[in-house]
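Asker: Okay, handing you the structure first.
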Amino acid sequence: MQTGYEFVLFGRFHPTGRDDYEAARTLHEGLRALALEALGPAPPDVLLCVLPLSHVVVPADEGSAVEVELTVTGSPAHSGQPPAPAEARQRIAALEARLRAMGLHKG
């Protein structure tokens, strides 16, 4: 039984060596704003949680991009009342449609 959902947004930038952590933090905040815009107002029966910036994937070779991850989880406000599977799929499909409309793509 699905009791919630999670979606992850990734952003990349090329490191300059100067304050790359600040660049990663700024990118994470931009992803957060984008996620909140895509989600819109949460239904009263759903709790949304945007996880804080916890790690950044730094490439081993120079010239590669740094990847920043933003994770959003959605869970029922009352653990004993998970959404029906069809409702959860509908919410996820609507979110994916909004992200595509914003120019974002899977993968």
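Asker: Go through segment 1-42 residue by residue and tally those that are part of a loop (DSSP other than H, G, I, E, B), touching a residue at least 24 places away in the same chain (Cβ under 8 Å), of a type outside the set (A, V, I, L, M) and under 23 Å from Pro76 (Cβ atoms).
Answerer: Number satisfying all stated conditions: 4.
Asker: Starting from segment 64-77, keep only residues that are without any contact (Cβ under 8 Å) to a residue 60 or more places away in the chain, then list their pairs with residues that are buried (at least 16 other Cβ atoms within 10 Å of the Cβ) and of a type outside the set (Val, Ile, Thr) whose Cβ atoms are within a distance under 7 Å, requiring at least 6 positions of separation or different chains.
Answerer: Listed pairs, sorted by first residue: Val66/Pro15; Val66/Ala24; Val68/Gly11; Val68/Ala24; Val68/Leu27; Val68/His28; Val68/Leu31.
Asker: Turning to a different aspect of this structure: Phe7 is checked against (1) surrounded by 14 or more Cβ atoms within 10 Å (Cβ to Cβ); (2) in contact with a helix residue (DSSP H, G or I) (Cβ under 6 Å, 6 or more places away or on another chain); (3) modelled with pLDDT under 85 and fails just one. What number does that condition carry?
Answerer: It is condition (2) that Phe7 fails.
Asker: In segment 1-48, which residue that is β-branched (Val, Ile, Thr) and over 11 Å from the mean Cα position of the chain (by Cα) is farthest from Thr71 (Cα to Cα)?
Answerer: Thr16
Asker: Kindly establish whether Leu27 is surrounded by 14 or more Cβ atoms within 10 Å (Cβ to Cβ) and modelled with pLDDT under 85.
Answerer: So Leu27 fails the test.
Asker: Moving on. Looking only at segment 1-45, count every residue that is within 24 Å of Arg89 (Cβ to Cβ) and aromatic (Phe, Trp, Tyr) and tell me the total.
Answerer: Qualifying residue count, segment 1-45: 3.
Asker: Could you run through segment 61-107 and say how many residues are among the acidic types (Asp, Glu) and either surrounded by fewer than 10 Cβ atoms within 10 Å (Cβ to Cβ) or not in a strand (DSSP E or B) (or both)?
Answerer: Number satisfying all stated conditions: 4.
The values are calculated or read from the model by the stated rules, or taken from the named source; none is laboratory data. Because the structure is a prediction, the values reported are computed rather than measured. Using ideal geometry, Cβ is built from the backbone for each residue, glycine included, and neighbour counts are taken over all protein chains shown.
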